[in-house]
Amino acid sequence: KGSGVARFQRVRVEGKAGAEWIRKSLSANDTLALRELEDDLRGLDTIATGAATPGAKRSVEDRLAKLPERARDRYLWAKGMIEKGDLARPNDIVKALNEAVEAAPDFAGLYYYRGRFLERLDQPGQAIPEYGRAIELAPGFAEAWAARGRCWAEVSRDPEAGKDAEEALRLAPDLAAGHHVRGKVLFGLGRREESVAELELAGALDPADSEI
């Protein structure tokens, strides 16, 4: 049904997710801008993330029903452990992901969570090819682009990080992780004001993300 669009310190925001943050950033005197924001956002039913893009995360997860039962069960268990940050059984997590990959080698979500697991172990360099494989299998997987960009930034490869962040945000303009990576890259380039705007936006879009 369209998208609400506003600008704040050169940052573009689309969709409902940033509406409250944008509203707070406008002063009471910005009556025209506030009215236009409300008009643009009225009637929106969903938040536009990369999941709406063909091949993106929601489409990846939609394939779960078609996976062999063992692969699906192993994937969901490992995913839950990784997202909770419960790494007390790392060998079991590796085994579960490897078994799932053997049964479903073309399922992008498995490589994404392999990358997430390696990041949790502070091994961003090893996570990069895992995210790369996820992207090969699902080029519209915005979260994978952002995650690989984050890893590139961690190993001081800012040009690659910037390219991946831009692709993530092209696919999903309100993806918090994409703005987070872009902010880190801008900070490294000495563009502090733009960096702060991107990092503030990332935090506003996903306040619960501990990595941000």
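The values are calculated or read from the model by the stated rules, or taken from the named source; none is laboratory data. Quantities reported herein were computed from a predicted structural model and do not represent experimental measurements. Methodologically, a virtual Cβ is constructed for each residue, glycine included, from the backbone with ideal geometry; neighbour enumeration extends over all protein chains shown. SASA here: full protein model, heavy atoms, side chains in, ligands and nucleic acids out. Shrake-Rupley method; radii C 1.70, N 1.55, O 1.52, S 1.80 Å.
In square angstrom, what is the accessible area per residue of the stretch 121-190 with a 1.4 angstrom probe?
Accessible surface, normalised per residue, equals 40 Å².
Carbon and sulfur atoms: what percent of the 1.4 Å accessible area of the stretch 152-196 do they account for?
Ligands and nucleic acids excluded, carbon and sulfur give 52 percent.
Along the charge dipole of the stretch 78-128, pointing to its positive end and built from +1/-1 on Cβ of Lys, Arg, Asp and Glu, which listed residue (124, 113, 85) has its Cα farthest out?
Ranked along the dipole, the leading option is 85.
How much length is gained on full extension from residue 160 to residue 77, taking 0.36 nm per residue of separation minus their Cα-Cα distance?
Length gained, residue 160 through residue 77: 26.7 nm.
Quick check: the distance between the Cα centres of the stretch 61-94 and the stretch 99-152, to the nearest angstrom?
Going from one Cα centre to the other spans 13 Å.
Take the Cα atoms of the stretch 53-148, find their three principal axes, and give me the spread along each one in whole Å, biggest first.
35, 30, 21
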